[in-house]
Amino acid sequence: MKKISIFGLGYVGCVSAACLAAAGHEVIGVELNRDKVGMINKGKSPIIEPGLEELMAKVVDEGRLTATTSCADAINASYLAFICVGTPGDGNGQLQLDALQRVGHEIGEALRGSGRSFTVVVRSTVLPGTIRNIITPAILAGAGEEFRPFLRVASNPEFIREGSALKDFDKPPFTLIGSDDAATAQALRAIYGSVDAPIVETAIETAESVKYVSNTYHALKVCFANEMGNACEAFGVDGQEVMRIFAMDRKLNISEAYLRPGFAFGGSCLPKDVKALLYAAHHRDVKMPLLDAIMPSNEAEIRKAINAVLDTGKKRIGVVGLSFKANTDDLRESPMVTLVEALIGKGMDMKILDKNVLISRLTGANRKYIEEEIPHISTLMCESPQSLLDHAQVIVVGNDSPEARRVLEGARADQRVIDLTRTAHKEVLKAADKAQEAA
């Protein structure tokens, strides 16, 4: 096997180079800083990370890791290059991509006229679209447009933490490969064959996005835990114990639950409890800027949906699902009720389909809620998917249910669909495509 080249011997580059060499690959590190190059070639790590210097000394001594300042030498000796250069941000947060562009251009220059296939894998943290719109053009600017058929690009974000980088490299949650072709993905699969983790293949832009979602969520968790700790302290409660017990719930709290993009939350619990906690904390002079943003963020999702309907310019609107989520008749704090009332106020001609909320079937608190709080909505209910389809110019799907699927399956080409679940309409279209292929 030819060598792998790694551009940028900072934190990510050094860890990746040493670990890939330890896995049996021949690695050439490329770095402008001659001091770093000299240290690595002597088996010394230019960064502090537990176990890294010992590992680096071993793979250098065995001849599987070398470093150079020459881009051309590294590219000529390798079949695949990892880009691991830094992407610092300015004071406003805008990424500085000059180093990435420069490295891409230099790689391209080294490949000019070679006429051989070459894969460039971006391991640096970059926003979605960076590889396609900035790095690939930079490579082709150096190599010439005639090299485009030979160029393969991929995204391979790292998920390593300072202080446990070697363990994280060998046992990550997954190995993420973003590419546009199977051959590139297969080449990376082969490189990571010794890593103990599932391999996830996806689109380039998706892979670029996952890294940002992950890091932003980690930052969110730190702030959430600190604000909850502050509130607990104000209540005279042990915040560490509260969060320890909280984290024991792997069904809802520490899980994928509630992490699917969809519509706003509602119901009898979440809005009430968030407001109650904030009220109590504020009256104890506890500042909670993160949690203060929850209700405005939720309201923004509802406003976004209202505007999406109004922007169609159509008047006859059919809503599927009025309760705050599927398989319930609970209308308390339902964002769909808020949406419907706002559209009524704007003069829309509404029809609503939700078999769980038909007034004739309701009893108790939910019937009382409709009769006392939103009596006008009961007159807008219809009893079949067809009656809603006959009425609507715009179909708004509020929750995923069998009746929503039937409405979507019967939707005409001239009817606009606004799917607030973000999944139901896609699934119906996929099923229709499969049925058409089978036929």
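The values are calculated or read from the model by the stated rules, or taken from the named source; none is laboratory data. Predicted model, so just to flag it, every value in this text is computed and none were measured. Positions of Cβ are backbone-derived with ideal geometry, glycine not excepted, and every protein chain shown enters the neighbour counts. When the accessible area is computed, the model is the full protein with side chains, heavy atoms only, and any ligands, DNA or RNA have been set aside. Shrake-Rupley method; radii C 1.70, N 1.55, O 1.52, S 1.80 Å.
In this structure, does P289 turn out to be open to solvent by 80 Å² or more (accessible area, probe 1.4 Å) and either of a type in the set (S, T, N, Q) or touching a Lys or Arg at 6+ places or on another chain (Cβ under 7 Å) (or both)? Taking the combined requirement at face value, the residue does not satisfy it. Evaluate the following for G229: is it at pLDDT 95 or above and either closer than 30 Å to V286 by Cβ or in contact with a Pro (Cβ under 6 Å, 6 or more places away or on another chain) (or both)? Criteria met by G229.
Could you tell me whether segment 263-273 includes any residue that is more than 27 Å from I344 (Cα to Cα) and part of a helix (DSSP H, G or I)? It would help to see each step written out before you state the result.
Within segment 263-273, the first condition is being more than 27 Å from I344 (Cα to Cα), and the residues that meet it are 273.
With part of a helix (DSSP H, G or I) added as a condition, the list becomes 273.
Yes; the residues of segment 263-273 include at least one that is more than 27 Å from I344 (Cα to Cα) and part of a helix (DSSP H, G or I).
Scanning segment 353-374 turns up at least one residue that is under 21 Å from A424 (Cβ atoms), modelled with pLDDT of 90 or more and hydrophobic (A, V, I, L, M, F, W, C).
Could you check segment 1-11 and list, in sequence order, the residues that are surrounded by 24 or more Cβ atoms within 10 Å (Cβ to Cβ) and among the aromatic types (F, W, Y)? Residue satisfying the conditions is F7 alone. For segment 210-235, the set of residues classified as open to solvent by 40 Å² or more (accessible area, probe 1.4 Å) and polar (S, T, N, Q) consists of N215, T216, N226, N230, listed by residue number. Count of segment 311-341 residues, restricted to those that are part of a loop (DSSP other than H, G, I, E, B) and under 20 Å from V274 (Cα atoms), is 8. Report yes if some residue within segment 128-147 is without any contact (Cβ under 8 Å) to a residue 24 or more places away in the chain, surrounded by fewer than 13 Cβ atoms within 10 Å (Cβ to Cβ) and more than 18 Å from R102 (Cα to Cα); otherwise report no. Yes, some residue in segment 128-147 is without any contact (Cβ under 8 Å) to a residue 24 or more places away in the chain, surrounded by fewer than 13 Cβ atoms within 10 Å (Cβ to Cβ) and more than 18 Å from R102 (Cα to Cα). For L290, the conditions (1) in contact with an Asp or Glu (Cβ under 9 Å, 6 or more places away or on another chain); (2) without any contact (Cβ under 8 Å) to a residue 12 or more places away in the chain; (3) not in a loop (DSSP other than H, G, I, E, B) all hold with the exception of (2).
Being of a type outside the set (D, E, K, R) and at pLDDT 95 or above is the filter here; which residues of segment 311-334 pass it? Lay out the reasoning, then the answer.
Residues of segment 311-334 that are of a type outside the set (D, E, K, R), as a first pass: 312-313, 317-324, 326-328, 331, 334.
Answer for segment 311-334, where residues must be of a type outside the set (D, E, K, R) and at pLDDT 95 or above: T312, G313, I317, G318, V319, V320.
Considering only residues in segment 204-232 that are in contact (Cβ under 8 Å) with a residue 24 or more places away in the chain and charged (D, E, K, R), the one that is nearest to G129 (Cα to Cα) turns out to be E205.
Does I254 fit the bill of being without any contact (Cβ under 8 Å) to a residue 40 or more places away in the chain, assigned to a loop (DSSP other than H, G, I, E, B) and β-branched (V, I, T)? Even if it seems obvious, please write down each step before you answer.
Numbers: without any contact (Cβ under 8 Å) to a residue 40 or more places away in the chain: yes; assigned to a loop (DSSP other than H, G, I, E, B): yes; β-branched (V, I, T): yes.
Yes; evaluated as a whole, the condition is true for this residue.
Contact map, segment 189-203: first residue in contact (Cβ under 8 Å) with a residue 60 or more places away in the chain and within 20 Å of K167 (Cβ to Cβ), second residue surrounded by 14 or more Cβ atoms within 10 Å (Cβ to Cβ) and aromatic (F, W, Y), Cβ cut-off under 9 Å, separation 6 or more or different chains; pairs are V195/F169. Restricting to segment 154-189, name every residue that is acidic (D, E) and open to solvent by 70 Å² or more (accessible area, probe 1.4 Å). Passing the criteria: E162, D170, D180. Taken over segment 293-305, the criterion of being open to solvent by 30 Å² or more (accessible area, probe 1.4 Å) and either in contact (Cβ under 8 Å) with a residue 12 or more places away in the chain or assigned to a loop (DSSP other than H, G, I, E, B) (or both) is satisfied by A293, I294, E299, E301. Residues of segment 236-278 that are open to solvent by less than 80 Å² (accessible area, probe 1.4 Å) and among the aromatic types (F, W, Y): F246, F263, F265. Test A308 against the stated conditions and say whether it is assigned to a helix (DSSP H, G or I), at pLDDT 95 or above and touching a strand residue (DSSP E or B) at 6+ places or on another chain (Cβ under 6 Å). So A308 passes the test. The residues of segment 416-438 that are part of a loop (DSSP other than H, G, I, E, B), of a type outside the set (A, V, I, L, M, F, W, C) and crowded, with 17+ Cβ neighbours inside 10 Å amount to a single one, T421.
Taking the residues in segment 379-415 that are in a helix (DSSP H, G or I), open to solvent by 50 Å² or more (accessible area, probe 1.4 Å) and of a type outside the set (D, E) as candidates, determine which candidate is nearest to R303 (Cα to Cα).
The initial filter retains those residues of segment 379-415 that are in a helix (DSSP H, G or I), namely 385-391, 402-410.
From the residues that got through so far, the ones that are open to solvent by 50 Å² or more (accessible area, probe 1.4 Å) too are 386, 390, 402, 405-406, 409.
Now restrict to residues that are of a type outside the set (D, E): 386, 402, 405-406.
On the way: Q386: 28, P402: 26, R405: 25, R406: 27 Å.
The residue in question is R405.
Any residue at all in segment 275-283 that is free of Cβ contacts under 8 Å to residues at least 60 places away in the same chain, more than 28 Å from the chain's Cα centre (by Cα) and part of a loop (DSSP other than H, G, I, E, B)? Yes: one or more hits.
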